[in-house]
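The values are calculated or read from the model by the stated rules, or taken from the named source; none is laboratory data. Just so it is clear, the structure is predicted and the values come from calculations on it, not from any experiment. A quick note on method: Cβ atoms are made from the backbone with ideal geometry, for glycine too, and the neighbour counts reach across all protein chains shown. Note: areas computed on protein heavy atoms with side chains; ligands, DNA, RNA excluded. Shrake-Rupley method; radii C 1.70, N 1.55, O 1.52, S 1.80 Å.
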Amino acid sequence: MSISTRKILKNVILYTLVAFILIWCIFPFYWAVISSLKPDKDLFEVNPRLIPARVTFENYIKVFTERPFHQNIWNSIVVAGSTTLLSLAIGSLAAYAIARLKFKGKVLVMTLILAVSMFPQVSILGALFVLLRNMKLINTYPGLIVPYITLTLPLTTWILQNFFRELPKEVEESAAIDGCSRLRTLWSIVLPMAAPGLVATGLLTFIAAWNEFLFALTFMQRPEMYTVPVAIALFKGRSQYEIPWGQIMAAAVIVTTPLVILVLAFQKKIIAGLSAGSVKG
Amino acid sequence: MIFPAILVISVIAFFPLFKTFYDSFFKFGLNPIFERQFVGINNYVRLFKDPRFLDALKNTIVFTLVSVALETVLGLMIALVVHQPIKFRGAIRAAMLIPWAIPTAISSQMWRWMFNDQFGIMSRFLEALHIIQPGTPILGRPGMAMAAIIAVDVWKTTPFMALLILAGLQLIPEQLYEAARIDGANAMQRFFRITLPMLRPTIAVALIFRTLDALRVFDVVYVMTRGSVGTETLSVYNRHVLMDRAFTSASFGYGSAISVAIFVIISVFAIIYIKSLKLELD
């Protein structure tokens, strides 16, 4: 075999593997899109078509007219959005202290924060439920936002302190000499410099809060308070035996499309944040 | 500056954790008709005799071992492929984040539809390959249901694992490979002598991290089978005892004991993980 045929062969194998990987990653999402666009008659066909013969938006209309799905989306936006903002605010304070200040018990604090990120959520589920019930926070936004901040705070703090460490120290030092307070330095020097890192961290926090299921399932018990994952997981048909697959797929597509677009747009930042958060330590 | 973070974490994480531990020594329910009774370690003794708990433990271990092993091996393979000089590498890496970004509860519904016994595309596909008989309810058969759940988890996490390993791959200096080539090392030798040893820290950390995640698996099991047909994991059983029975029986104390047990199991892995990161805490 000549060198050029070997090279061609190698490329053929390589691109076949790449094609497999891509199909594997994308197919379920593609299939949800296709299924959501099929009229029921075509959806429940014994041999499903890979490309729909007829396209209808009926399922998309029904999702909003037959159930409070817009309310569910709004709930998720409020909860995940507030979680992200508050988590960034509290997290950047903590991250700055960890990255720049020397204080006693720093390792202990970091270990505690890290430990929380590894908590099995279910271990605090019962006690947290009782606590929130006593505070009358079940079925309210704060009842979900506060636990979410606790869940995301370790991740936010950990990633942000990684970004803060990489910033040049000199600017902050000269600010300190000019009599700038710590908080002021953080607000007007560190945060603007770390803006790309903040965006990446915020995105990761938002996705984590948007995707959370166990707490949302337990603390939001009225359908109009469900967040999106819970609403979609508990979709019911008119009868016990009928599962509205077309609508479920439409709902899934509605809420995953923005996520997919966000991920595609910010993939470099996300990967940077993720590897800062988990692997690099 | 660190105080707000510590405050939130203490109130919402550590306080409930201690409360759970305390509650695990009592027999009570959330409905006031069940009187609170101190039972000592009885709830823990009961754990060892509860077949449903033991099954859940077994299922969790099977799920964790199989899915983490598959994710690591496949993730490594994918990372090696994507590390090659190929066109559209950025786009491919972006596409690989899609399964990770979709909420597990939602992707589980997508897969539940693909595994539908009558109209599911995956069912048709597996029938065509003669892996299953036509009309087999994949999510209704013991063994198969667990395999399907593992498949969904592997689908969701492998590309993510691959991206983490890829980040590690890119840190290996190219000179090492050049030197090895000059010394006449073939591709296999280069992989086992350079790539794998250099990747070890990355893989080790990713492995423990994934194990921690897999041990507390909830969403995918809950959505796909509700824990039926031999797929109930510890978290699913724990939530059932705590919440589904909270107002109808005096099971809250026992549920708390299960929570503590899960916490202890996961803590062991968490400690290993933190130890392996220790150097970075300065």
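Out of curiosity, is B:ILE258 in contact (Cβ under 8 Å) with a residue 60 or more places away in the chain and either in a helix (DSSP H, G or I) or at the interface with chain A (Cβ under 8 Å from one of its Cβ atoms) (or both)?
yes
Can you find even one residue in the stretch A:23-41 that is outside the structural domain of A:VAL263 (by TED's automatic domain parsing), at pLDDT below 90 and exposed (fewer than 11 other Cβ atoms within 10 Å of the Cβ)?
yes
For residues in the stretch A:158-215 being over 29 Å from the mean Cα position of the chain (by Cα) and of a type in the set (Lys, Arg), which is surrounded by the most Cβ atoms within 10 Å (Cβ to Cβ)?
A:ARG182
When you check A:VAL78 against the structure, is it of a type outside the set (D, E, K, R) and surrounded by 22 or more Cβ atoms within 10 Å (Cβ to Cβ), yes or no?
Against the criterion (of a type outside the set (D, E, K, R) and surrounded by 22 or more Cβ atoms within 10 Å (Cβ to Cβ)), A:VAL78 does not qualify.
Which ones in the stretch B:98-157 are under 19 Å from A:ASN211 (Cα atoms) and polar (S, T, N, Q)?
B:THR104, B:SER107, B:SER108, B:GLN109, B:THR157
Which ranges mark the helices (runs of 4 or more DSSP H) fully within the stretch A:157-220 that have 2 or more residues being within 14 Å of chain B (Cβ to nearest Cβ), over 21 Å from A:ILE271 (Cβ atoms) and among the hydroxyl-bearing types (Ser, Thr, Tyr)?
Where helices (runs of 4 or more DSSP H) fall fully within the stretch A:157-220, none carries at least 2 residues being within 14 Å of chain B (Cβ to nearest Cβ), over 21 Å from A:ILE271 (Cβ atoms) and among the hydroxyl-bearing types (Ser, Thr, Tyr).
Just name the residue that is farthest from A:GLY202 (Cα to Cα) out of those in the stretch A:138-153 that are in contact (Cβ under 8 Å) with a residue 40 or more places away in the chain and of a type in the set (A, V, I, L, M, F, W, C).
If we take residues in the stretch A:138-153 being in contact (Cβ under 8 Å) with a residue 40 or more places away in the chain and of a type in the set (A, V, I, L, M, F, W, C), then A:ILE138 is farthest from A:GLY202 (Cα to Cα).
Looking at (1) farther than 22 Å from A:VAL199 by Cβ; (2) within 23 Å of the chain's Cα centre (by Cα); (3) touching a residue at least 60 places away in the same chain (Cβ under 8 Å), which is the only condition A:GLY81 fails?
Looking at each condition in turn, A:GLY81 falls short on (1).
Scanning the stretch B:23-48 for residues that are assigned to a helix (DSSP H, G or I) and in contact (Cβ under 8 Å) with a residue 40 or more places away in the chain, which turns out most open to solvent (accessible area, probe 1.4 Å)?
Looking at residues that are assigned to a helix (DSSP H, G or I) and in contact (Cβ under 8 Å) with a residue 40 or more places away in the chain, I get B:ARG46.
Please specify each residue of the stretch B:98-139 satisfying the condition of being of a type in the set (A, V, I, L, M, F, W, C), within 30 Å of A:LYS269 (Cβ to Cβ) and in a helix (DSSP H, G or I).
B:ILE98, B:TRP100, B:ALA101, B:ALA105, B:ILE106, B:MET110, B:TRP111
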